[in-house]
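All remarks here apply to the structure that follows.
The values are calculated or read from the model by the stated rules, or taken from the named source; none is laboratory data. Everything quoted here is computed from the prediction, not taken from an experiment. Cβ atoms come from the backbone with ideal geometry, glycine included; neighbour counts cover every protein chain shown.
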Amino acid sequence: MQAFGFFRNKVPVGLHVNVRTNTGVNIQAVLDPNWSVNEVKEKIAPKLGFPASEVKIIFAGKELDDSFKLSDCDLGQQSILHAVKVVRVSSGNQATGIPLPTALAHSLPVMDSNQQGEQGRQIPHFYVYCSSCKKMCVGKLRVRCAHCKEGAIIVSRDPCSWEDVLTPLQIPGTCEVEGCGGDSVEFFFKCAEHVPSVDSLDALPLNLVKSNTRDVPCMACFDVQDLVLVFPCSSAHVTCLDCFRTYCQSLLQERQFTYDPVHGYSVPCPAKCDNSLIRDTHHFKLLSAELYARYQRFGAEEFVIASGGTFCPQPNCGMGLMPHPDCRRITCEHGCGFVFCRDCRQGYHIGECERTDGSECSSNTDDRQAYRVDPERAAAARWDEASAISIRVLTKPCPKCRTPTERDGGCMHMTCTWPQCGYHWCWVCQNEWTRDCMASHWFA
Amino acid sequence: MSGVGGLPRRIIKETQRLMAEPVPGISAVPDENNARYFHVVVAGPEGSPFEGGVFKLELFLPEEYPMSAPKVRFLTKIYHPNVDKLGRICLDILKDKWSPALQIRTVLLSIQALLSAPNPDDPLQNDVAELWKVNEAEALRNAREWTRLYAMGN
């Protein structure tokens, strides 16, 4: 973190910036960070071809006030300043002065600021996932016109919450690009850790990651770390990023993430607070690439199930299928072509499903009609078939959702391990768990 | 996250605090050969049928701790509707209600509370639970008797 602080607070001696005008002219300029905005105007006006008094400079959604010092802006190398010729006298209701990222330090309640900058200043920090760096980085908040996507736009009010920033078209503005007439702004983030090729990809904001300015200990390891993830519960519980990863990993391994139709596949606060699901699932980008891939696969599967779909039961296939709700005969279209029964997930058959628990499992499905076997494929799949048989031998399906469940000790009271089901059932009766089960065969 | 010898700092911190500020009526000492295995002694709470008894338990912190719950078991025989013959405990925070925000300390406090307030509606030992509901006086007598037989005198 010390490295970040250093990087953010020390303004380089010569600031290389791109100056863009609303007429499409692009010029490079080297600026002295100690200059005031007025001095910048004097410097660049000749290149633009109009007097300094008629130039206004827009950066991150604000017209910069003449007296403002460049070093007080959140300006980095290769930043883009917008120079616009004044058409009318400032109408008064437009925000001028402090650029947004700096102003936001005081107005965004959920945002944090670096505790003690080099010069004792408070500089806001956002954290983003940068797909170029493939990691979490310090980010920069930027503003552009929602219509023409140019940065020459002035916001009419500061955003005062993350909702203002993350919801499109929430904040009105005035676009200064000739002929655009855009009247609303959109916010986006850039990675602050690599010198951007002009207009590099947007970075994904990780709004729950904050600098730990309040020295809150992680609820899992008890250490006070520099960076924390603050869960969206009413208590705002905190874990360090390492423990967040371990927490997600252990839940993912047990497939215990929660599928929520609105927020997607996510996790709640580890203290199990109400309404604490992480809403922005970009935060799971903090996991390793392998775990994130698994997260995406599980999430997609839960979505298929929640939408009434099912999966091809053939080993090495598992194609997601959306058959008609009334149809028991399912064909694995676009997949391996297997035709199976929706209820027992064996090869399709006419009549009742055969019970597939325990000893009876050895009866083969080969003689089933409408079961097309590719002999080569069948030969190659014997290992998987063996594992499928052992799953059938060792497990019983949850009576409600049919998740194969293994009992490795304890009593006969089973709780379905699939979080979306959670059914309480009896291992002996293979039905709902009742007090009668307790009385007659709780342990036996 | 890991401290010396691969033992997470959290476990070291919890152990230190358990030593420095023990919970009244409970002692938990790590095994000298395995810092994840604790020898636990809980005093039977006053006013309960376990009063005067000293109950030994074992507590083990699995590799995934604190993301998964500690494993706790009574070693001393106890007549309690939520503890089975093998000493296994029926306590929600040791199963699906576990959270990494909980600690060894909170687990042991919950077990102490379970001794003060047996819950025959969520039993692990059915005959015990049944008696507790049908004839509480006799159940309490049994509990006191078992306490005297197995939890006193050493």
- Note on the structure: Those residues of the stretch A:245-265 that are assigned to a loop (DSSP other than H, G, I, E, B) and buried (at least 17 other Cβ atoms within 10 Å of the Cβ) come to a total of 1
- Query: Out of the stretch A:347-359, which residues are modelled with pLDDT of 85 or more and surrounded by 11 or more Cβ atoms within 10 Å (Cβ to Cβ)?
  - Reply: A:347, A:348, A:349
- Of all residues in the stretch A:397-418, which are modelled with pLDDT under 85, at negative phi and surrounded by fewer than 15 Cβ atoms within 10 Å (Cβ to Cβ)? A:407, A:408
- Query: Taking into account only those residues within the stretch A:425-444 that are surrounded by 14 or more Cβ atoms within 10 Å (Cβ to Cβ) and within 41 Å of the chain's Cα centre (by Cα), which is nearest to residue A:259 (Cα to Cα)?
  - Reply: A:425
- Query: Looking at the stretch A:233-244, which of the residues that are more than 10 Å from every other protein chain (Cβ to nearest Cβ) and under 16 Å from residue A:288 (Cβ atoms) is surrounded by the fewest Cβ atoms within 10 Å (Cβ to Cβ)?
  - Reply: A:241
- Query: Given the structure, is residue B:84 within 14 Å of another protein chain (Cβ to nearest Cβ), acidic (Asp, Glu) and touching a residue at least 12 places away in the same chain (Cβ under 8 Å)?
  - Reply: yes
- Answer from B:139, B:143, B:101, B:129 - the residue that is within 14 Å of another protein chain (Cβ to nearest Cβ) and touching a residue at least 40 places away in the same chain (Cβ under 8 Å): B:129
- Near pairs, Cβ below 6 angstrom, 6+ apart or cross-chain, from the stretch B:57-75 (within 12 Å of chain A (Cβ to nearest Cβ)) to any residue that is part of a loop (DSSP other than H, G, I, E, B) and among the polar types (S, T, N, Q): B:62/B:68
- Those residues of the stretch A:151-173 which are surrounded by fewer than 19 Cβ atoms within 10 Å (Cβ to Cβ) and part of a loop (DSSP other than H, G, I, E, B) amount to A:156, A:157, A:158, A:160, A:161, A:167, A:168, A:169, A:170
- Message: Which count do you get for residues in the stretch B:126-154 that are at pLDDT below 85 and either touching a helix residue (DSSP H, G or I) at 6+ places or on another chain (Cβ under 6 Å) or assigned to a helix (DSSP H, G or I) (or both)?
- Response: 10
- Task: Restrict the check to the stretch A:207-224 and report whether at least one residue is more than 11 Å from chain B (Cβ to nearest Cβ), closer than 28 Å to residue A:73 by Cβ and free of Cβ contacts under 8 Å to residues at least 40 places away in the same chain.
- Result: yes
- Item | Counted residues, the stretch A:189-232 - those being at pLDDT below 90, surrounded by 15 or more Cβ atoms within 10 Å (Cβ to Cβ) and polar (S, T, N, Q) | 4
- Could you check residue B:47 against (1) over 30 Å from residue A:245 (Cα atoms); (2) among the small types (Gly, Ala, Ser); (3) without any contact (Cβ under 8 Å) to a residue 12 or more places away in the chain and say which number it fails? (3)
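Among the listed residues A:277, A:287, A:291, identify the single one that is in contact with a strand residue (DSSP E or B) (Cβ under 7 Å, 6 or more places away or on another chain), of a type in the set (A, V, I, L, M, F, W, C) and either farther than 30 Å from residue A:344 by Cα or surrounded by fewer than 18 Cβ atoms within 10 Å (Cβ to Cβ) (or both).
Only one candidate qualifies: A:277.
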- Message: Can you confirm whether residue A:55 is over 38 Å from the mean Cα position of the chain (by Cα), hydrophobic (A, V, I, L, M, F, W, C) and modelled with pLDDT of 80 or more?
- Response: yes
- Query: Which of the residues spanning the stretch B:1-17 are modelled with pLDDT of 85 or more and touching a Cys at 6+ places or on another chain (Cβ under 7 Å)?
  - Reply: B:8, B:9, B:10
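Working only within the stretch A:1-32, note down all residues that are assigned to a loop (DSSP other than H, G, I, E, B) and at pLDDT 80 or above.
A:32 - this is the single residue of the stretch A:1-32 that is assigned to a loop (DSSP other than H, G, I, E, B) and at pLDDT 80 or above.
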- Would you point out the residue of the stretch A:252-298, among those that are charged (D, E, K, R) and more than 12 Å from the chain's Cα centre (by Cα), that is nearest to residue B:96 (Cα to Cα)? A:272
- Message: For the stretch B:11-35, which positions are away from every other protein chain (no Cβ under 14 Å), assigned to a helix (DSSP H, G or I) and farther than 16 Å from residue B:59 by Cα?
- Response: B:20
- Message: Scan the stretch A:256-264 and tell me whether some residue there is in contact (Cβ under 8 Å) with a residue 40 or more places away in the chain, more than 9 Å from chain B (Cβ to nearest Cβ) and closer than 21 Å to residue A:126 by Cα.
- Response: no
- Would you mind telling me which numbered condition in (1) surrounded by fewer than 21 Cβ atoms within 10 Å (Cβ to Cβ); (2) modelled with pLDDT under 90 residue B:84 fails? (1)
